[in-house]
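Have a look at the structure below, then the notes.
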Ligand SMILES: O=C(O)CCC(=O)C(=O)O
């Protein structure tokens, strides 16, 4: 469903089997050799998610991408799994967009998790100018997702992102404000054996492969 020009909510995009396999992989990743952590951002506040960047690290203090986590433990960002990259490209092409993701921000939200309204604008200027989309995939508990306009003060729409949903925003929607106001605990499909929510946002920092 196109909810605004360039913004698509794809409900039940992933089968339960696919969701389970992805949730298992996400669990391994966030508790792996380079574990997820709670970033402290520029103003000194802590984020309300555990974050693990794949492919490239997003530094919450500088708002820049880098190969190693210089704001935390200097470990290298783990590679973006090939099956994740392919999934994101397939979702983008299903709505007529093109994405060769080179990074993913994997966030884990517990029952109190949330994320303030923000724009995704730290990818390369060329990637943003080309309107290359952000592809978001949700697993586990439902989130109350907020989607606003190109200016912070514009009205915001709230929509539920359920397990297996994808959300794509590119082209004229690429810089729209968005965030998560709350998680609805206990709504994850039982088959996933999880509480809380994983969200993966795939992006293409480097647009030279387009
Ligand atoms: O969790 C979500 O649905 C949104 C995540 C997000 O906005 C981000 O990672 O930049």
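Just so it is clear, none of the values below were taken in a lab; they were calculated from the coordinates. Since we're looking at a predicted model, the values are computed, not measured. Cβ placement follows ideal geometry from the backbone for every residue including glycine, while neighbour counts extend to all protein chains displayed.
List of remarks:
- Contour excess over end-to-end distance, with Cα ends at residue 112 and residue 100 and 0.36 nm allotted per residue: 1.1 nm
- As a length-normalised measure over Cα pairs under 8 Å and 6 or more apart, the relative contact order of the chain settles at 27 percent.
- Centre separation in Å (Cα based) which lies between the stretch 63-103 and the stretch 25-55: 14
- Extension gain, residue 18 to residue 195: 0.36 nm times the residue separation minus the Cα-Cα distance gives 62.0 nm.
- GNM on the chain, alpha-carbon springs under 10 angstrom: the most fluctuating residue among 55, 44, 113 is 44.
- GNM result for the chain, Cα springs below 10 Å: residue of 169, 198, 72 fluctuating most strongly: 72
- The relative contact order of the stretch 82-174 comes to 28 percent, based on Cα pairs under 8 Å that sit 6 or more residues apart.
- Estimated inter-spin distance, residue 1 and residue 38, nm [label 7 Å along Cα→Cβ]: 3.4
- Residue among 38, 135, 49 with the largest mean-square fluctuation in a Gaussian network model of the chain, springs linking Cα atoms under 10 Å: 38
- Between residue 129 and residue 63, the simple spin-label model (points 7 angstrom out along Cα→Cβ) gives 2.0 nm.
- Per-residue extension of 0.36 nm, minus the Cα-Cα distance of residue 75 and residue 28, leaves a gain of 15.2 nm for this segment.
- Across the chain, Cα-Cα pairs farther apart than 29 Å form 16% of the total.
- Ordering of 84-90, 25-31 by burial proxy (mean other Cβ atoms within 10 Å per residue, highest first): 84-90, 25-31
- Distance between the modelled labels on residue 150 and residue 121, one decimal in nanometres: 1.1 nm (7 Å Cα→Cβ projection).
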